[in-house]
Ligand SMILES: C[S@@+](CC[C@H](N)C(=O)[O-])C[C@H]1O[C@@H](n2cnc3c(N)ncnc32)[C@H](O)[C@@H]1O
């Protein structure tokens with residue numbers, strides 16, 4: 001996997017020359033084959049890439065894992081076949097070349113990268129068994145974390161459990177220094193290669209959890225750790241199994257984060273957590289967060305029951321239908337029973353080191369949200385700071401967020417609607433059931449009058465006294481949830 005610098009340069013040049021970008025590959029495949037490939041089906045893609053062009057050749061070689069004639073590879077990757085075989089990226093038989101590692105373009109709105117990883121397992125229904133030190137490519141969890149990450153410019157960033165280094169590549173676009181850690185030496189080698197290929201500086205370090213960064217602080221920590229909740233016995237796939245029982249890995253990531261955050265620094269963690277009989281999940285996670293000195297916003301996106309959870313991860317490991325599938329399933333469920341595990345929550349945590357009393361918000365939000373969500377998470381932090389500094393909001397100028405829409409439902413011709421719902425089109429896409437006062441307040445919040453002035457005017461109009469006191473808590477909630485934001 002170690003490629004000499006001149007080979008990396010020539011590989012990059014060849015990929016550039018071919019125009020091996022995310023958009024170009026999507027275009028050569030076309031929407032049907034592209035969608036099929038996302039379901040791990042290659043047949044439509046193979047039909048779409050028969051023209052022998054360098055772009056088709058690289059797509060067949062790496063994304064579709066098809067054998068490609070030597071002559072085609074020599075045309076697409078001039079003078080690179082031997083060094084890439086030597087480094088273990090490709091392998092050559094008599095007349096054909098196959099990929100031994102994946103190399104594919106990856107992009108966000110502003111950047112294009114190439115990412116090397118182990119080959120995607122399980123194409124076309126083939127067994128999805130992988131080795132214990134498998135280096136995962138870009139998974140849906142990788143994308144979730146990348147989309148959650150707040151992309152404000154920062155000085156120092158840490159990617160804990162870097163895998164193929166995908167988060168590190170993103171971080172390098174907005175952080176002065178990026179440190180990437182992993183316990184898997186193969187992952188570290190792949191991350192070094194990806195950093196070199198994409199001409200970004202990443203300080204790659206070996207070690208578990210925060211060991212490689214002892215005594216150091218960061219402005220941003222991102223991690224998609226091996227969070228699978230299991231008994232931690234038997235073989236371990238290092239990309240998903242921490243070797244620690246239950247959600248202990250996530251607990252250690254979360255409780256250790258604060259020590260490594262610079263003032264104002266933020267840690268964003270993708271995670272699974274246990275729902276234990278007799279213990280609310282919010283209590284469990286609050287226990288991890290107490291005393292951290294961090295604000296925390298925790299969002300649970302879904303909850304799997306024990307059986308669903310075990311099936312998901314046994315299938316992920318390619319074990320569905322294996323001779324010992326039922327035995328493994330049963331053992332895992334027995335462990336859940338012994339540990340009183342009733343379900344497993346999937347979600348994320350956003351921690352921010354603050355120098356005041358921390359604010360914790362934990363919520364179950366299984367609904368559709370805007371992607372990327374990073375800007376809303378940054379804004380949530382700013383709104384939390386604003387509220388923490390203001391016990392009352394009556395004297396504040398607030399503005400309704402521009403994406404908020406009002407839905408009124410009622411009988412045709414009725415003087416008043418039966419229900420009014422304020423709905424966000426962006427961010428968390430929340431809905432807030434409003435009465436006439438709240439609808440009137442949000443409608444009038446354009447930054448000209450203070451909250452108190454608007455409520456007084458509504459009080460006069462509706463002939464109701466005491467609206468400032470009555471609605472104080474709801475106005476705070478409207479700011480927390482983003483319907484109202486600090487004014488100009
Ligand atoms: C789910 S993968 C995430 C990879 C990548 N960051 C992403 O977002 O796709 C988890 C990574 O954590 C690494 N890992 C496992 N145990 C670890 C530990 N104790 N400390 C640090 N990293 C660990 C694995 O080797 C793997 O690369």
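Computed from the coordinates by the stated procedures, all read-outs in this text should not be read as laboratory data. Only a predicted model underlies this, so the values are computations on that prediction, with no experimental measurement involved. FYI the Cβ positions are ideal-geometry reconstructions off the backbone, even for glycines, and counts take in every protein chain you see.
Which shape class applies to the stretch 397-488: rounded if a/c is under 1.5, otherwise prolate when a/b exceeds b/c and oblate if not, where a ≥ b ≥ c are the square roots of the Cα gyration tensor eigenvalues?
Working: a/c = 1.80, a/b = 1.04, b/c = 1.74.
Oblate, since a/c reaches 1.5 and b/c is not below a/b.
By DSSP, what percent of the beta bridges with both residues in the chain are antiparallel, rounded to the nearest 5? Show your work: numbers first, answer last.
Working: 48 of 72 bridges.
So the antiparallel bridges in the chain amount to around 65 percent.
When you restrict to C-alpha pairs under 8 Å that are six or more residues apart and normalise by the size of the stretch 64-105, the relative contact order lands at 42 percent.
I'd like the per residue volume of the convex hull spanned by the Cα atoms of the stretch 102-187, given in cubic angstrom.
Working: hull volume 8.5 nm³, N = 86.
Once divided by residue count, the hull of the stretch 102-187 is 99 Å³.
Starting from the Kirkwood radius over alpha-carbon pairs of the stretch 294-430, derive D by Stokes-Einstein at 4 °C in a medium of 1.567 mPa s and give it in µm² s⁻¹. The estimated diffusion coefficient comes to 67 µm²/s. Relative to the longest principal axis of the Cα atoms of the chain, helix 5-18 runs at roughly 70 degrees.
With viscosity set to 0.890 mPa s and temperature to 25 °C, compute the Stokes-Einstein D of the stretch 4-53, Rh being the Kirkwood radius across alpha carbon pairs; µm²/s, no decimals.
On the way: Rh = 12.1 Å.
Rounded to a whole number, D works out at 203 µm²/s.
Distance from a point 7 Å along Cα→Cβ of residue 277 to each backbone N in the stretch 289-319: keep the residues under 14 Å and list them by number. From the stretch 289-319, the list is 306. Placing pseudo-labels 7 Å out from each Cα toward the beta carbon at residue 201 and residue 469 gives an inter-label distance of 6.1 nm. Computed extension gain for residue 327 through residue 96, at 0.36 nm per residue and net of the alpha carbon distance, reaches 79.0 nm. If the viscosity is 1.002 mPa s and the temperature 20 °C, what Stokes-Einstein diffusion coefficient in µm²/s follows for the chain when Rh is the Kirkwood radius over Cα pairs? D, rounded to a whole number, is 85 µm²/s. When peptides 126-133, 174-181, 393-400 are ranked by their average number of other Cβ atoms within 10 Å per residue, the highest-first order is 174-181, 393-400, 126-133. The stretch 336-414 and the stretch 456-482 have Cα centres spaced 20 Å apart. Net length available on complete extension from residue 421 to residue 2 is 145.1 nm, with 0.36 nm assigned per residue and the Cα-Cα distance removed. With R₀ fixed at 22 Å, the C-beta to C-beta distance from residue 38 to residue 126 puts the FRET efficiency at about 0.85. Between the helical axis of 185-197 and the longest alpha-carbon principal axis of the chain there is an angle of about 90 degrees.
Within the P(r) computed for the stretch 155-203, what percentage of the Cα pairs occupies the region above 15 Å? All intermediate terms of the calculation are to be shown ahead of the outcome.
Numbers: 346 of 1176 pairs.
So the pairs more than 15 Å apart make up 29 percent of the total in the stretch 155-203.
Dividing the mean sequence gap of close Cα pairs (under 8 Å, 6+ apart) by how many residues the chain holds gives a relative contact order of 10 percent.
For the stretch 170-310, how big is the tail of P(r) above 25 Å, as a whole percent of Cα pairs? Walk me through the intermediate numbers first.
Numbers: 3291 of 9870 pairs.
Within the stretch 170-310, distances greater than 25 Å cover 33 percent of Cα pairs.
At q = 0.19 Å⁻¹, what log₁₀ I(q)/I(0) does a Debye calculation on the Cα points of the stretch 306-349 give, no solvent, two decimals? Listed by q, the Debye log ratios stand at -0.59. Rounded to the nearest 10 degrees, the inclination of helix 325-338 to the longest alpha-carbon principal axis of the chain is 30 degrees.
I'd like the FRET efficiency for residue 320 and residue 357, computed as 1/(1 + (r/R0)^6) with the beta carbon distance as r and R0 of 41 Å, rounded to 0.05.
Details: r = 48 Å, r/R0 = 1.18.
The calculated FRET efficiency here is 0.25.
For the chain, the 222 nm mean residue ellipticity estimated from helices alone, with every DSSP H stretch of n ≥ 4 adding -39500 (n - 2.57) and the total spread over all residues, rounds to -10500 deg cm²/dmol. Counting only DSSP beta bridges whose two residues both lie in the stretch 104-261, roughly 20 percent are antiparallel.
How high is the relative contact order of the stretch 401-474, in percent, counting Cα pairs under 8 Å that sit 6 or more residues apart? Kindly include the intermediate steps, with their values, before the conclusion.
Values: 77 pairs, mean separation 13.0, N = 74.
Computed value for the stretch 401-474: 18 percent relative contact order.
Annotation for residue 382 and residue 456: the two label points, set 7 Å from Cα along the Cα-Cβ direction, are 2.9 nm apart. Each peptide in 188-195, 161-168, 354-361 gets a packing score, the mean of other Cβ atoms within 10 Å over its residues, and the list from highest to lowest is 161-168, 188-195, 354-361.
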